[in-house]
Amino acid sequence: MKRSEKALKIQAVLDRLYPQPAVPLLHGDPFTLLVAVVLSAQTTDARVNLVTPELFRRAPTPEAMARLSEAEILALIRTCGLAPAKAKNIRRLSQLLLERHGGHVPKDMAALEALPGVGHKTASVVMIQAFGVPAFPVDTHIHRLAARWGLSDGTTVEKTEADLKALWPPEAWAKLHLQIIYFGREHCPARGHDPKVCPICSWAGVKTRLAAEARARAAARVAASG
């Protein structure tokens, strides 16, 4: 099966399972989405959604967030991973939004990536989910599954992003980004995965990739038992 044919078949499975995938992070506008995505690094979306209601009640705008001290922000997000660095970045990016962009989140990839704590993936999420500008954010789930399914060689996140963009039209990227994340969480985990019962790996999985994952898991178990 050609890679392009496989991509279309995968898309059909994802459309059946997740016809209208919702953005998993609670937010109300581009600013709260930006902050939520910054908080989500090395933290589950569920954990972020526990802390953001009170954070956004206290500081729903860049102006309000910049008025909070770093310590106050940290107290509100403490249960998130890397909380001290995130508190510093969130306060500073709020200040920079006021100084550089009139208190608005810029609709520009380079301007977003220039903000503290905002990398390419975070900027891509904001561009596509807040502004509808085509982007294909690649997180760990997407990077892993693209390699597992043979849609990319998995060498780098940048390579995965380019390969996936080439397989699907820009108007499909926003939906597919969310669909693959949900599928990775619910059907295709990194560990304890049985490809025989997976709605996609059962026919699309690359045997060498799955075998390598199985060997790595076995080696890890041996190391842990020794």
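Below are the figures for this structure:
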read-out	value
Test: Glu54 is acidic (Asp, Glu) and touching a residue at least 40 places away in the same chain (Cβ under 8 Å)	no
Some residue of the range 192-212 being touching a residue at least 40 places away in the same chain (Cβ under 8 Å), surrounded by 13 or more Cβ atoms within 10 Å (Cβ to Cβ) and more than 18 Å from Met1 (Cα to Cα)	no
Any hit, the range 108-117, residues being within 30 Å of Ala204 (Cα to Cα) and small (Gly, Ala, Ser)	no
Subset tally (residues that are at pLDDT 95 or above and surrounded by fewer than 20 Cβ atoms within 10 Å (Cβ to Cβ)) for the range 133-142	2
Leading residue by the ranking (surrounded by the fewest Cβ atoms within 10 Å (Cβ to Cβ)) among those in the range 148-174 that are more than 24 Å from Lys196 (Cα to Cα) and among the polar types (S, T, N, Q)	Thr155
Residue within the range 218-226 that is crowded, with 18+ Cβ neighbours inside 10 Å and either among the hydroxyl-bearing types (Ser, Thr, Tyr) or within 26 Å of Leu25 (Cα to Cα) (or both) present	no
Leading residue by the ranking (most open to solvent (accessible area, probe 1.4 Å)) among those in the range 1-36 that are of a type in the set (S, T, N, Q) and within 16 Å of Ile200 (Cα to Cα)	Ser4
The range 84-120: number of residues that are within 18 Å of Ala41 (Cα to Cα), surrounded by fewer than 20 Cβ atoms within 10 Å (Cβ to Cβ), out of contact with any helix residue (DSSP H, G or I) (no Cβ under 7 Å at 6 or more places or on another chain) and of a type outside the set (Gly, Ala, Ser)	1
Close pairs from the range 116-136: first without any contact (Cβ under 8 Å) to a residue 60 or more places away in the chain and at positive phi, partner buried (at least 21 other Cβ atoms within 10 Å of the Cβ) and in a helix (DSSP H, G or I), Cβ under 9 Å, at least 6 apart	Gly132/Ala174
Test: residue in the range 63-83 that is open to solvent by 70 Å² or more (accessible area, probe 1.4 Å) and in contact with a His (Cβ under 8 Å, 6 or more places away or on another chain)	no
Pair list, Cβ under 6 Å, 6 or more apart: the range 157-184 residue more than 12 Å from Ala147 (Cα to Cα), other residue at pLDDT below 95	Ile181/His141; Gly184/His141
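The values are calculated or read from the model by the stated rules, or taken from the named source; none is laboratory data. Because the structure is predicted, anything quoted here is derived from the model rather than measured. When we count neighbours, we look across all protein chains shown, and the Cβ atoms used for this are built from the backbone with ideal geometry, even at glycine. Keep in mind that these areas ignore ligands, DNA and RNA; they rest on the heavy atoms of the full protein, side chains included. Shrake-Rupley method; radii C 1.70, N 1.55, O 1.52, S 1.80 Å.
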